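Novice: Just passing along the structure, written as structure tokens.
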Amino acid sequence: MASLGLDEGTAIGFERFEDPGRGHVFIDRSAALGNEPGHRDVRAGPLPSAEGSGEEQDQELHVYVDNSIVSVIASEQTAITAWVHPSTEESSAIALFVEGADAKIEVEVWEMGSI
């Protein structure tokens, strides 16, 4: 969740390390301005090994946003959930980016119905 100007947001992503099979998936709430300072942190867990070899590796992340709850599931093995409270209702945008490598990103978005 991010504001349109990207001055506020919650980053969700993963990092792979040089050591094969090592890395982490994360939810970074440090720029979620509506959260109290004690709740502006980074939650992380182990990144499961990606499928494929060399530079062609697939990493699958499922991200669920339900009001202020953000859940991330990496390759059906690691799950992280965090409470995020944006400072404004306008912080509902999604931004995608890659740092340090080329990547092909496929995105599917569904709006969940209320119960």
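Every read-out reported here was derived from the displayed coordinates using simple, explicitly stated rules and does not represent laboratory data. The model shown is predicted, which means the values in this text are computed figures rather than measured ones. Heads up, the Cβs are rebuilt from the backbone with ideal geometry, glycines too, and the neighbour counts pull from every protein chain shown.
Novice: Round to the nearest 0.05 the FRET efficiency obtained for A31 and Q77 when R0 = 35 Å and r is the Cβ-Cβ distance.
Specialist: Once rounded, the FRET efficiency stands at 0.85.
Novice: Report the label-to-label distance for K104 and D19 in nanometres (one decimal), using points 7 Å from each Cα along the Cα→Cβ vector.
Specialist: 3.1
Novice: Would you please give the FRET efficiency between N67 and E111, computed as 1/(1 + (r/R0)^6) with r the Cβ-Cβ distance and R0 = 22 Å, to the nearest 0.05?
Specialist: Taking R0 as 22 Å, the efficiency between N67 and E111 is 0.95.
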